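Visitor: Can you read through this structure? Questions will come right after.
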Amino acid sequence: MQRWCGALFCEISDPNWKKQELRTKNWLLFLSFGSVHGISGFAGMGNLLKVLTREIENYPSFFLDFENAQATEGEREVWNQVNAVLQDSESILTGLQAYKGAGQEIRDAIQNPNDMTLQERAWNSVCPLVIKLKKFYSFSLRLEEALRSLLTSLTCPPLTPTQHLEREQALAKQFAEILHFTLRFDELKMRIPAIQNDFSYYRRTISRNRINNMNLDIENEVNNEMANRMSLFYAEATPMLKTLSTATTNFVSENKTLPLENTTDCLSTMASVCKVMLETPEYSSRFNSEDTLLFCMRVMVGVIILYDHVHPNGAFNKSSKIDMKGCIKVLKDQPADTVEGVHTPPVIADLIQPFEDPLP
C-alpha cells in the first residue's frame with residue numbers, strides 16, 4: 001500500500017481536485033491490492049475464452065487465443081510495427097531487474113568532496129546507469145507509439161470495438177501484452193529507489209560542471225532537454241502506466257471525429273471479459289496454466305486504469321460500463337495459492353471501503 005502513495009498527489013491535476021483525488025485514491029487502492037496479491041509476477045500466457053459481458057447467457061461470446069493468435073493479412077502491417085517494439089520488452093525488464101545503482105559510490109563522493117578519486121569513481125559508476133535509464137525511457141516512447149497504433153486499429157469504424165477484438169485477435173493479444181509489460185515494469189521500478197538517487201546525482205554533477213564551463217562527453221548522449229524529460233518520467237511512481245494513460249487520453253483528444261465510446265468501449269470490454277474469465281469456473285478451467293489467471297488480473301487492472309483516465313466520469317462512477325464491485329470481488333476471491341503473495345485482510349478492507357458507500 002505504501003508503494004502507491006507517492007502517485008496519489010502526482011495524479012491530481014484536475015482543477016476539481018477533490019473529485020480527482022477520490023478517483024485517484026480509488027484506483028490506487030485497487031492497484032495496490034493487485035500488487036499485494038502478486039499480479040506483477042506473471043511470466044507466461046495461456047488460452048483465454050473471450051466472453052463479452054457480465055451475464056454470459058444473454059450475450060455472444062468468442063474465443064480469443066492469447067497463445068496462438070496469428071496476424072491476418074489485414075492486421076499484418078500494424079502487427080509488425082508493434083511486434084518490433086514488444087520483442088525488446090523482455091530485455092528491458094531484465095535490464096531493470098538487474099539495476100543495482102551507485103549508492104555507495106555516491107555516498108563516498110558526497111562525504112569526501114575534496115577526494116577527486118572518489119568523485120571520479122562515483123561519476124564513472126553513474127554514467128553507464130544513466131545510459132541504461134535513457135534506454136528504458138526511450139522504450140516508453142516506442143511503447144506509446146505502439147499503443148496508439150493498436151488503438152487506431154481496434155477502435156476505427158465501421159466495426160465496433162467488440163467486433164475488432166473478435167476479428168483482430170493478434171492485435172488484441174498485443175494490446176494485452178503491452179499492459180502486461182507496463183505493470184511489470186512499474187512494479188520493478190518502485191522497488192528500486194536507487195534510480196532517482198542516481199539520476200539526481202547525475203543532474204547535480206552536470207549542472208556543477210556546466211557552471212565551471214566543463215563539457216562532458218555523456219552530454220552528447222543525455223543532453224539537458226533529454227535529462228529534463230527523463231527526470232519527469234522517473235519522478236512518477238508508475239512511469240510506464242502514466243505514459244500509457246497520457247497516450248490514451250491524447251489519442252481521444254486528437255481524434256475528434258472518433259466517438260469517445262469507441263475507445264472506452266474497447267477498454268471496458270477487455271475489463272469485463274477478464275472479470276468473467278476469472279469468476280466463471282466453466283472458462284477458467286480451460287486455462288492451461290495458473291499463470292493465465294495472473295495475466296487476466298494484470299490486463300483487467302491495466303484497462304480499468306486507462307478507462308478511468310479517458311472516461312469523463314471515470315471507472316468508479318455509476319455510469320461506468322465496468323462492474324467495479326465485481327472486479328474487486330474477483331480479485332478478493334482468488335485463492336491465495338494461485339497468486340504470489342498472501343491475502344492481507346486489512347488491505348482488502350481498505351480496498352473495499354470506497355465501494356461500501358454509493359459511487360459518485
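The values are calculated or read from the model by the stated rules, or taken from the named source; none is laboratory data. Computed from a predicted structure; not experimentally measured. Virtual Cβ from ideal backbone geometry, glycine too; neighbours counted across all protein chains shown. Ligands, DNA and RNA are excluded from the accessible area calculation, which covers all protein heavy atoms including side chains. Shrake-Rupley method; radii C 1.70, N 1.55, O 1.52, S 1.80 Å.
Visitor: Being surrounded by 24 or more Cβ atoms within 10 Å (Cβ to Cβ) and not in a helix (DSSP H, G or I) is the filter here; which residues of region 268-311 pass it?
Guide: none
Visitor: OK, next. Report yes if some residue within region 139-147 is in contact with a Ser or Thr (Cβ under 8 Å, 6 or more places away or on another chain), closer than 22 Å to PHE181 by Cα and among the polar types (S, T, N, Q); otherwise report no.
Guide: Yes, there is a match, as at least one residue in region 139-147 is in contact with a Ser or Thr (Cβ under 8 Å, 6 or more places away or on another chain), closer than 22 Å to PHE181 by Cα and among the polar types (S, T, N, Q).
Visitor: Pairs please, first residue from region 317-332 and over 20 Å from LEU260 (Cα atoms) and touching a residue at least 60 places away in the same chain (Cβ under 8 Å), second anywhere and open to solvent by 60 Å² or more (accessible area, probe 1.4 Å) and not in a helix (DSSP H, G or I), Cβ atoms under 9 Å, 6+ apart in sequence or on different chains.
Guide: Note: pairs meeting the criteria are GLY326/ARG54.
Visitor: Can I ask one more? Return a yes/no flag: does region 123-135 have any residue that is over 21 Å from ARG204 (Cα atoms), free of Cβ contacts under 8 Å to residues at least 12 places away in the same chain and either open to solvent by less than 50 Å² (accessible area, probe 1.4 Å) or assigned to a helix (DSSP H, G or I) (or both).
Guide: No, region 123-135 has no match at all.
Visitor: Quick one: would you say GLU261 is in contact with a strand residue (DSSP E or B) (Cβ under 9 Å, 6 or more places away or on another chain), of a type in the set (Asp, Glu), part of a helix (DSSP H, G or I) and on the phi < 0 side of the Ramachandran plot?
Guide: no
Visitor: Just wondering, is there one or more residues in region 246-256 that are of a type in the set (D, E, K, R), more than 17 Å from the chain's Cα centre (by Cα) and not in a helix (DSSP H, G or I)?
Guide: Looking for residues that are of a type in the set (D, E, K, R), more than 17 Å from the chain's Cα centre (by Cα) and not in a helix (DSSP H, G or I), one finds at least one in region 246-256, hence yes.
Visitor: Next question, about the same structure. Within region 64-84, which residues are aliphatic (A, V, I, L, M) and open to solvent by 10 Å² or more (accessible area, probe 1.4 Å)?
Guide: Scanning region 64-84 gives ALA69, ALA71, VAL78, ALA84.
Visitor: Mind listing just one residue for me: the one in region 92-102 that is touching a helix residue (DSSP H, G or I) at 6+ places or on another chain (Cβ under 9 Å) and of a type outside the set (A, V, I, L, M, F, W, C) and, of those, most open to solvent (accessible area, probe 1.4 Å)?
Guide: LYS100
Visitor: Enumerate the pairs (first residue in region 71-94 and farther than 30 Å from LYS132 by Cβ; second residue anywhere and of a type in the set (Asp, Glu)) with beta-carbon separation below 7 Å, excluding pairs fewer than 6 apart on the same chain, so at least 6 apart or on different chains.
Guide: Matching pairs, first to second residue: GLU75/GLU168.
Visitor: Step by step: first the residues of region 83-124, then only those that are small (Gly, Ala, Ser) and under 30 Å from ARG142 (Cβ atoms), then the one that is nearest to the chain's Cα centre (by Cα). Which residue is that?
Guide: For region 83-124, the residue satisfying everything is SER89.
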